[in-house]
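Trainee: Pasting a structure here, questions to come.
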Amino acid sequence: MAEPQAFTIEQFYKNISQKKLMGGKCRKCGKIHLPPRPLCDKCLSTEFEWVELPQKGKLLTYTIIHVAPTQFQSMAPYAVGIIQLENGVKIPGMIRDVPLDKIKVGMRLKMEFEEPQHTQQWPQWPRYHFKPF
Amino acid sequence: MKGKPLASIVSAGLSKFGKLEGLYAREIFAQAAKEAYERCPKLDPKKDIKALFIGHMGESYEHQGHTGATAADWAGLLHIPATRTEAACSSSGAALRAAIFAVASGLCDVVMAGGVEKMTHRSTPEVTEFLAMASDFPFEQWHGITFPGLFALMATAHMHKYGTTEGQLAHVAVKNHYNGSLNPKAHMQKEITLEQALTSRVIAWPLKLYDCSLITDGASCLILTRPEIAKRYTDTPVHIIGSGQASDTIGIYERDDFTSLKAAKIAAKQAYEMAGLTPEDIDVAEVHDCFTIAEIIAYEDLGFCKPGEGGKLAEKGETTLKGRIPVNTSGGLKAKGHPVGATGTAQAYEIYLQLTGQADKRQVADAEIGLTHNVGGSGATATVHIYRRG
Ligand SMILES: CC(C)(COP(=O)(O)OP(=O)(O)OC[C@H]1O[C@@H](n2cnc3c(N)ncnc32)[C@H](O)[C@@H]1OP(=O)(O)O)[C@@H](O)C(=O)NCCC(=O)NCCS
Ligand SMILES: [Zn+2]
């Protein structure tokens, strides 16, 4: 039998690399955690199960970054926002494949998985972004 | 008992804020300490000061951690216990809390609280990256979100929910630049116009250059005593009568509301209750305007107006020097500057000047009660303090 997967950020990103958006659902109080956590902040339970989260949602708020950190400088200006998935869970991410002036609060977006980039450095987390559909 | 002093400020010091070329953080802290010693001739620093608590955000800037001992040494205070507190931009707000605990517990009679940051020798992309370290790494930084970006997310949400405008944000910038022009220690001592603010270049839409605080070098410190012995050192102490601190999720995306900072609301409630006061009692306040939207949210979180009405408060001029409740008389983080670790106790320094009648051209007439509001990062920490003229 496979090892049970730990409810960690590392495991969240391992799932992302398999194009799966997964959260940890507390078996005691039902709260869905994104990212998954080993201790429920609501009821302090340590019993969780993996649940697949919807990859579609709506944009709650956004910004267009012009002055970027070193690593992202070549992409600027770019949009990032906070997306509320169809089950209510929230997640931030870049918004791509749409002209920057067409982005609107409330617009519907879906998650797009990016190919993992292999570098020597920690962390090796794959990225994702959101785009209209 | 409500309104009973927890600790008393008997002296305070502030370095010049700005681009302090060729200086190392510890050397800037020595400037602030020197001023505090000179202001208080009855204090024998080496004999009287029993501990140092110092806020410092990042070792990345100067490849230098372990700020507690270093600052104590350069302030001429070896071998007292010296501890660094870190809570992002609220690092010295947290140092002030720790100092209050030290004297209120009776363990120490006299302590120093302060803060320092040296930032301007690094490039803006580097500073942007270092500052972002105070936000969530795996879900915010990893996806390209910056500090101005986080407050821009709050600004967009505030505009969407309440109709707050870019013009209202610009009013905050114009006011704080005007106040800064009256403060000889401010980083930027120049007035700006609404037009200039509104047409400045975009940093993180909807926030523009004049919506952002400055990247600044500087240091600040306070000397605190048990209230019972404050008069040994000065005839004009300032009593701290309320103190609050709270935490929130590191990622703003996990919060229910992006238009308010829950930690600041909780910290404010604690401080008001301890002081036995309400927002109407505050004569002058220094709030954490790391971005103009943050000042507008601060008005609402502190109860200076109803939720959603912060933009109007700024537009009507109610928070100017001559307004109903003057806010950021020092010029705020916007114009005085924001050496992140130094900001919390630098706010307290301004309130100390105001309540002892030493604020010169920025003096608020008859100021008796002051408040400071210091936010760490995007609101995962907030500290609020209330002060009364002694
Ligand atoms: C806004 C920001 C990105 C601008 O940096 P920059 O693009 O590198 O700007 P520069 O340093 O090249 O300065 C260019 C000019 O703008 C001025 N300037 C820089 N920042 C300014 C600001 N925030 N407000 C007003 N003027 C500013 C400079 O003095 C300079 O003027 P000059 O040409 O007359 O000398 C930077 O100030 C910043 O990141 N601020 C926010 C800091 C922050 O996030 N703090 C933590 C908050 S929690
Ligand atoms: Zn639970």
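The values are calculated or read from the model by the stated rules, or taken from the named source; none is laboratory data. All values derive from a computational prediction rather than experimental measurement. Ideal geometry is used to build each Cβ from the backbone, glycine not excepted, and the neighbour counts take in all protein chains shown. The area values use the complete protein model at the heavy-atom level, side chains included, leaving out ligands, DNA and RNA. Shrake-Rupley method; radii C 1.70, N 1.55, O 1.52, S 1.80 Å.
Trainee: In whole Hz, what ³J(HN,Hα) sequence does region A:101-114 give by Karplus (6.51, -1.76, 1.60; θ = phi - 60°), x for Gly and Pro?
Mentor: 7, 9, 6, 9, 4, x, 5, 8, 9, 10, 7, 10, 8, 9
Trainee: Under a point-charge model restricted to the Cβ atoms of Lys and Arg (+1) and Asp and Glu (-1), what is the dipole moment magnitude of region B:87-190 relative to its Cα centre, in debye to the nearest 20?
Mentor: Working: 7 positive and 7 negative charges, 76 e Å.
Once rounded to the nearest 20, the dipole reads 360 debye.
Trainee: Sticking with this one: Counting only the heavy atoms of the protein chains, how much of residue A:82 is accessible to a 1.4 Å probe, in Å² to the nearest 10?
Mentor: 0 Å²
Trainee: Between region A:47-75 and region B:316-390, what is the C-alpha centre distance in whole Å?
Mentor: Cα centroid to Cα centroid, the span is 35 Å.
Trainee: Let me ask another. What fraction of the Cα pairs in region B:116-239, stated in percent, has a spacing above 27 angstrom?
Mentor: Numbers: 2893 of 7626 pairs.
The calculated P(r) of region B:116-239 puts 38 percent of pairs beyond 27 Å.
Trainee: Given a 1.4 Å probe, how much area per residue of region A:56-132 is accessible, in Å²? It would help to have the intermediate numbers written out before the result.
Mentor: Numbers: 3780 Å² over 77 residues.
For region A:56-132, the per-residue accessible area is 49 Å².
Trainee: For a Förster distance of 45 Å, can you work out the FRET efficiency between the beta-carbons of residue A:56 and residue B:133, rounded to the nearest 0.05?
Mentor: 0.90
Trainee: A further question follows. I'd like the interface area for chains B and A: accessible area of each alone minus the complex, both sides summed, 1.4 Å probe, protein heavy atoms only. What is it in Å² to the nearest 100? Write down the numbers at each step before the final one.
Mentor: On the way: alone 14740 and 8660 Å², together 20470 Å².
For chain B against chain A, roughly 2900 Å² becomes buried.
Trainee: Further, regarding this structure: By residue number, which cysteines of the protein assembly as shown lack any other Cys whose Cβ falls under 4.7 Å from their Cβ?
Mentor: B:40, B:89, B:108, B:212, B:221, B:290, B:305
Trainee: Under the definition of partner shielding as Cβ atoms of other protein chains within 10 Å of a residue Cβ, what is the mean value for peptide B:119-129?
Mentor: Details: counts 0, 0, 0, 0, 1, 4, 8, 2, 2, 7, 5.
Across B:119-129, the average partner-chain Cβ count within 10 Å equals 3.
Trainee: Once phi is turned into ³J(HN,Hα) by the Karplus curve 6.51 cos²θ - 1.76 cosθ + 1.60 with θ = phi - 60°, what whole-Hz value does each residue of region B:59-69 show in order, with x for glycine and proline?
Mentor: Calculated HN-Hα couplings, in order: 7, 4, 4, 10, 6, 9, x, 6, 5, x, 5 Hz.
Trainee: Could you order B:372, B:83, B:381 by accessible surface area, starting with the largest, using a probe radius of 1.4 Å?
Mentor: Details: B:372 5, B:83 70, B:381 25 Å².
Greatest to least solvent exposure: B:83, B:381, B:372.
Trainee: Which residues does the label zone of residue A:107 cover in region A:63-89, counting backbone N under 15 Å from a point 7 Å along Cα→Cβ?
Mentor: A:63-65, A:78-84
Trainee: Could I ask something else about it? When the Kirkwood hydrodynamic radius is evaluated over all pairs of different C-alpha atoms of region B:255-384, what value in angstrom, to one decimal, is obtained? The partial results should precede the final answer.
Mentor: On the way: mean 1/r = 0.0688 Å⁻¹.
Every distinct Cα pair counted, the radius reaches 14.5 Å.
Trainee: What are the residues whose amide H is under 5 Å from the amide H of residue B:242, where those residues sit 5 or more places off or on another chain and H is modelled from the backbone?
Mentor: Answer set, sorted by chain and number: B:386.
Trainee: Using all alpha carbons of the protein assembly as shown, what is the percent of pairwise distances in each 10 Å bin, ordered from the shortest bin to the longest?
Mentor: P(r) over the protein assembly as shown, rounded to whole percents: 4, 19, 29, 24, 15, 7, 1, 0.
Trainee: Okay, next question. Keeping the other protein chains in place, figure out the carbon and sulfur percent of the accessible area of region A:56-132, with a 1.4 Å probe. Display every interim value, and only then the final one.
Mentor: Values: 1870 of 3780 Å².
The C+S portion of the solvent-accessible surface of region A:56-132 is 49 percent.
Trainee: Report in % the part of the accessible area of chain B that belongs to carbon and sulfur, leaving out ligands and nucleic acids; probe 1.4 Å. Display every interim value, and only then the final one.
Mentor: Values: 7050 of 13250 Å².
Answer for chain B is 53 percent, counting heavy atoms of protein chains only.
Trainee: Right, another one. Heavy atoms of the protein only, probe of 1.4 Å, neighbouring chains included. What is the accessible area of residue B:205 in Å², nearest 10?
Mentor: Approximately 80 Å² of residue B:205 is accessible to the 1.4 Å probe.
Trainee: Of all the accessible heavy-atom surface of region A:9-52, with the other protein chains kept in place and a 1.4 Å probe, what percent is carbon and sulfur? Write down the numbers at each step before the final one.
Mentor: On the way: 1180 of 2410 Å².
Answer for region A:9-52 is 49 percent, counting heavy atoms of protein chains only.
Trainee: List the lysines whose Cα sits under 16 Å from the Cα of residue A:19, skipping any in the same chain fewer than 8 residues away.
Mentor: Reachable lysines: A:56, A:110, A:131.
Trainee: Percent of Cα-Cα pairs per 5 Å bin, from 0 to the last occupied bin, for region A:9-52, please list those.
Mentor: 6, 28, 32, 18, 12, 4, 0
Trainee: At 1.4 Å probe radius, can you tell me the per residue accessible area of chain B in Å²?
Mentor: On the way: 13250 Å² over 390 residues.
Ligands and nucleic acids excluded, the result is 34 Å² per residue.
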